Amino acid sequence: MINVNDKDMDWYEDMTISNLMEVIEDTDYCAAVRINDVLFSSPNFDKTIIPDNAKVYLLPLIAGG
Amino acid sequence: MTQLNLKEVKSISYERADINKGYSDKSLHINLDNSGIDIRDIKAEVKEKFIGGKGYDLWMMWNSVTSDTKWNDPENAICIASGPLGGTPGYPGGGKSIVTTISPLTSIPIDSNVGGYFGPYKKFAGFDVLEITGKAKEEVVILIDGIKEEIKIFETKDLVDDSYQLSKDLTDYFDKDKPVNISVVSTGLGAKNSLMGCLNFTWYDTGRKMTRYKQAGRGGIGTVLADKKVKAVVARWNQVTFKTNNPADMEALKKVTKTHAKEINTLDSKQNRMAKVGTMHLVPIMNDHDCLPVNNFQYGSHAEGQNIGELYFDKAFHKGFDGCWKGCAVACAHGVKDFVPVSGPYKGKKVFVDGPEYETAAGCGSNLGIFDPSTILEINFYCDAYGMDTISVGTSIGFVMECFERGLITKEHTKGLELFFGNRVAALELLHQMAEGKEFGAIVGKGIRKMKAIFAKDFGSDAKMLQDIGMESKGLEFSEYITKESLAQQGGYGLALKGPQHDEAWLIFLDMVHNFMPTFENKAEALHWFPMFRTWFGLCGLCKLPWNDIVPEDNKDQAEPAKVVKHVGWYADFFSAVTGRKVDIDGLIAMSEVVYNFQRLFNLKMGYGTREHDTVPYRAMGPVTPEEYESRQDLYDTQLIEKYSIDIDGMDIEEKVKILRKNREDQYVKLADAVYLRRGWTENGIPTVETVKRLGIDFPDVMALLKANGVE
């Protein structure tokens, strides 16, 4: 089980961020996620594996600076 | 009390105007030629049209300067205003000041949006806007004391040139018992000796019991203040509550303030964590997306890029409340305690460094090939103490480092400095030289545009190469984003009114990462509405971060998520609650459009404001060198084949660079065409008669200006 944006979700071994994105709606603005307070950007979504019991937040990045 | 030698040369008492619905409806004019102090009414029609903040600043300046005014002429004005909403305690980002002047770097109006308490304190002391003109004979300190209802000018001969110490001394001097009543605007040695001086705006941090700083950084406003021999401007005020702005609808104000603050408090910890790391989350994100400037904007990422971002500063930032305005929930103005510089006048002494923010880490770190947080902190600290803009400093040093590595300048020119990328000692030494106006630093402190001319004329450097790699537009150094793969952001920089500063249009994510604006028309639309939203914050005395750096959880369900309409709706409610003037979202845009076009006309008045001044160096558009091309070869090759239908078989890199360049430069011209059309400007980038009439800024002098430029 993982917690994504404060909602519990099923987890499986070797689940990547890209895998997670496939089952979440409206991820258009998500260019980065935090997993257990560590930041991962979209170019690394394919290769980043989410650990079990992770706390995940999707960052809706529109602007900055 | 700190012993300072301040000689009072002028003092007036005044009756403080009551604040009514966010306004004092008074302006304060100080003419240093004769120590004149003048208080004037602000006319209702000026209030209606220019709203406040940057709008008031520009209107005051428009009436003070002529088209011949240079930055160091006495009639050049420094204007500082908050805005009708500025000074609302607890509203996220609700205490900003906006500063304008004719820039020594660009010769057109520059504007800078800055935190600290000065703008609200000055307003509550009775003045919506402060205008400083003239030049003092001796260095002066100006005091606006809203508690005693006095304005004073002091001459001084022996105050320190160090803004870090000076602000502490003046805070202590003017209200030792209640230092939170004081906000100081000052600059430092670097502002006297370079063209990239900044202003430090203070607030007193009651938790840490010390003076803190935010900077009005861009465009050399500090240089103008120093040229006027103003050592500091001090505002004194005491209690700030919801009542202080005397809002039209107190309950509505409380409600919207609570709602927005709650949203930030709830969501920031789940999103960018700005209350913990400021804007340092952007460092790794930009690095991963190939947008972090590395080695003078040649590359967009580096293996060590992570070292200078939130990973380090999450631990390094001193814990405590870091709002640059009272009760701000974003509270992103972090700092590092007990830092010990290894160079310069503070060598070996513990200091508190206010910062860094993303721009400083990128500009004074990765862009110089430096991935050591300590060096970034030291450059940050000295830029503040010297009163210098970290962005212009970083971008300028990056430029000379590349010039040095390419042999465009040599050790003979740098007076022995080995300006290789990554040379931390040389970077620090150069910064100290810039602040002192000595050696090679005296040249670098003039900024990139002037350096290009000097290197070509005096050093015999390749002028074309200098033009391609010198990251300035309109004379202002680029802020710290790689724009090569985002045409919209190229426009965000090149078509920005004051020069390439990201605060006008930050579109990298929306354009490059999210690909939400595939057509020229899409990009032109974004380059219309984004600056309008940003302008509005500058009219009202607000920070923009709470608008779209923290995003509602249901934002994705909105028709136009990029505009974060829910928050904009709250801003409309906020404006209505304070001013009593009912507005909707379109009404906010309409306010901005007036001032935005007026600023463009101001550029035209100063001899700029046309297409020829809206260009960017080619490095902002694409790869200048074969090495840059090779760093993204797959992307560029694919683009040549698929987007431009070029047969690249047998083509060498230099040929590819040339062809890609032609196509990308063409794209930029088409973008400018589309943007001008959307903004209601001529093909030469000048607001049309129809546009100025629609906006109600068809003043006689504006119409004469248009006519003189062939627009009728």
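The values are calculated or read from the model by the stated rules, or taken from the named source; none is laboratory data. From a predicted model like this one, the values you see are computed outputs, not experimental measurements. Neighbour counts run over all protein chains shown; Cβ positions are idealised from the backbone, glycine included.
Within segment B:508-531, the only residue that satisfies the criterion of being away from every other protein chain (no Cβ under 13 Å) and either closer than 28 Å to B:Gly87 by Cβ or among the basic types (Lys, Arg) (or both) is B:Lys523.
Scanning segment B:532-541 turns up at least one residue that is more than 10 Å from chain A (Cβ to nearest Cβ), part of a helix (DSSP H, G or I) and surrounded by fewer than 24 Cβ atoms within 10 Å (Cβ to Cβ). Of all the residues in segment B:507-525, those that are at pLDDT 90 or above and under 20 Å from the mean Cα position of the chain (by Cα) number 1. As a summary of the residue check, B:Gly398 satisfies the conditions (1) small (Gly, Ala, Ser); (2) in a helix (DSSP H, G or I); (3) surrounded by fewer than 24 Cβ atoms within 10 Å (Cβ to Cβ) except for the one numbered (3). Among the residues of segment B:249-264, the one identified as small (Gly, Ala, Ser) and either in the same structural domain as B:Pro84 (by TED's automatic domain parsing) or over 31 Å from the mean Cα position of the chain (by Cα) (or both) is B:Ala252. Only one of the numbered conditions (1) within 12 Å of chain A (Cβ to nearest Cβ); (2) within 25 Å of the chain's Cα centre (by Cα) is not met by B:Gln558, and that is (2). If you go through segment B:285-307 and keep only what is surrounded by fewer than 24 Cβ atoms within 10 Å (Cβ to Cβ), within 10 Å of chain A (Cβ to nearest Cβ) and touching a Leu at 6+ places or on another chain (Cβ under 8 Å), you end up with just B:Ser301. Only one entry in B:Pro84, B:Pro74, B:Pro92 is in contact with a His (Cβ under 8 Å, 6 or more places away or on another chain) and touching a residue at least 12 places away in the same chain (Cβ under 8 Å), namely B:Pro92. The set of residues in segment B:166-206 that are of a type in the set (S, T, N, Q), buried (at least 21 other Cβ atoms within 10 Å of the Cβ) and over 17 Å from B:Thr101 (Cβ atoms) comprises B:Ser167, B:Thr171, B:Ser183, B:Asn193, B:Thr202.
Does B:Val583 count as buried (at least 24 other Cβ atoms within 10 Å of the Cβ) and among the β-branched types (Val, Ile, Thr)? Against the criterion (buried (at least 24 other Cβ atoms within 10 Å of the Cβ) and among the β-branched types (Val, Ile, Thr)), B:Val583 does not qualify.
So that you can scan it fast, the table gives a plain yes or no per residue for (1) touching a residue at least 40 places away in the same chain (Cβ under 8 Å); (2) within 25 Å of B:Thr206 (Cα to Cα); (3) not acidic (Asp, Glu):
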| residue | (1), (2), (3) |
| --- | --- |
| B:Val234 | yes, yes, yes |
| B:Phe242 | yes, yes, yes |
| B:Ile264 | yes, yes, yes |
| B:Ser269 | no, yes, yes |
| B:Gly278 | yes, yes, yes |
| B:Leu282 | yes, no, yes |
| B:Asn287 | yes, no, yes |
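Listed conditions (1) within 26 Å of the chain's Cα centre (by Cα); (2) at pLDDT 95 or above; (3) farther than 30 Å from B:Leu6 by Cβ; (4) within 14 Å of another protein chain (Cβ to nearest Cβ) are all met by B:Lys315, apart from (1). Kindly establish whether B:Tyr312 is farther than 26 Å from B:Tyr121 by Cα, outside any helix (DSSP H, G or I) and outside the structural domain of B:Asp161 (by TED's automatic domain parsing). Criteria not met by B:Tyr312. Of the helices (runs of 4 or more DSSP H) lying entirely inside segment B:631-712, not one contains at least 3 residues that are modelled with pLDDT under 95 and more than 34 Å from the chain's Cα centre (by Cα). Considering only residues of segment A:21-35 that are out of contact with any Ser or Thr (no Cβ under 9 Å at 6 or more places or on another chain) and more than 13 Å from every other protein chain (Cβ to nearest Cβ), which is nearest to A:Asp6 (Cα to Cα)? Ranking the candidates gives A:Val23 first. Among the listed residues B:Pro84, B:Pro89, B:Pro74, identify the single one that is in contact with a Phe, Trp or Tyr (Cβ under 9 Å, 6 or more places away or on another chain) and surrounded by fewer than 24 Cβ atoms within 10 Å (Cβ to Cβ). It is B:Pro89. Just for segment B:561-588: of the residues that are away from chain A (no Cβ under 12 Å) and outside any helix (DSSP H, G or I), which one is modelled with the lowest pLDDT? Checking each candidate, the answer is B:Asp584. The set of residues from segment B:681-712 being without any contact (Cβ under 8 Å) to a residue 60 or more places away in the chain and of a type in the set (Gly, Ala, Ser) comprises B:Ala704, B:Ala708, B:Gly710. Among the residues examined, B:Phe575 qualifies as crowded, with 21+ Cβ neighbours inside 10 Å and of a type outside the set (Val, Ile, Thr).
Looking only at residues of segment A:36-65 that are surrounded by fewer than 14 Cβ atoms within 10 Å (Cβ to Cβ) and assigned to a loop (DSSP other than H, G, I, E, B), we find that the one that is farthest from the other protein chains (Cβ to nearest Cβ) is A:Asp52.
Among residues of segment B:489-512 that are more than 20 Å from B:Pro104 (Cα to Cα) and in the same structural domain as B:Thr101 (by TED's automatic domain parsing), none has a Cβ under 7 angstrom from a residue that is surrounded by fewer than 24 Cβ atoms within 10 Å (Cβ to Cβ) and of a type in the set (Phe, Trp, Tyr) at a sequence gap of 6+ or on a separate chain.
Residue check: is A:Leu59 within 18 Å of B:Ala562 (Cα to Cα) and not charged (D, E, K, R)?
The answer is yes for A:Leu59.
Scan segment B:220-234 and tell me whether some residue there is in contact with a helix residue (DSSP H, G or I) (Cβ under 8 Å, 6 or more places away or on another chain), more than 30 Å from B:Lys450 (Cβ to Cβ), buried (at least 24 other Cβ atoms within 10 Å of the Cβ) and not charged (D, E, K, R). Scanning segment B:220-234 turns up at least one residue that is in contact with a helix residue (DSSP H, G or I) (Cβ under 8 Å, 6 or more places away or on another chain), more than 30 Å from B:Lys450 (Cβ to Cβ), buried (at least 24 other Cβ atoms within 10 Å of the Cβ) and not charged (D, E, K, R). Contact map, segment B:582-611: residues that are within 16 Å of B:Ala704 (Cα to Cα) paired with residues that are polar (S, T, N, Q) and part of a helix (DSSP H, G or I), Cβ distance under 7 Å, separation 6+ or inter-chain. Pairs shown: B:Asn597/B:Thr691; B:Gly609/B:Asn603. Taken over segment A:3-20, the criterion of being closer than 14 Å to A:Phe40 by Cα and either within 14 Å of another protein chain (Cβ to nearest Cβ) or over 12 Å from the mean Cα position of the chain (by Cα) (or both) is satisfied by A:Ile17 alone.
Looking at B:Glu593, B:Glu612, just one residue is under 22 Å from the mean Cα position of the chain (by Cα) and either charged (D, E, K, R) or surrounded by fewer than 16 Cβ atoms within 10 Å (Cβ to Cβ) (or both), and that residue is B:Glu593.
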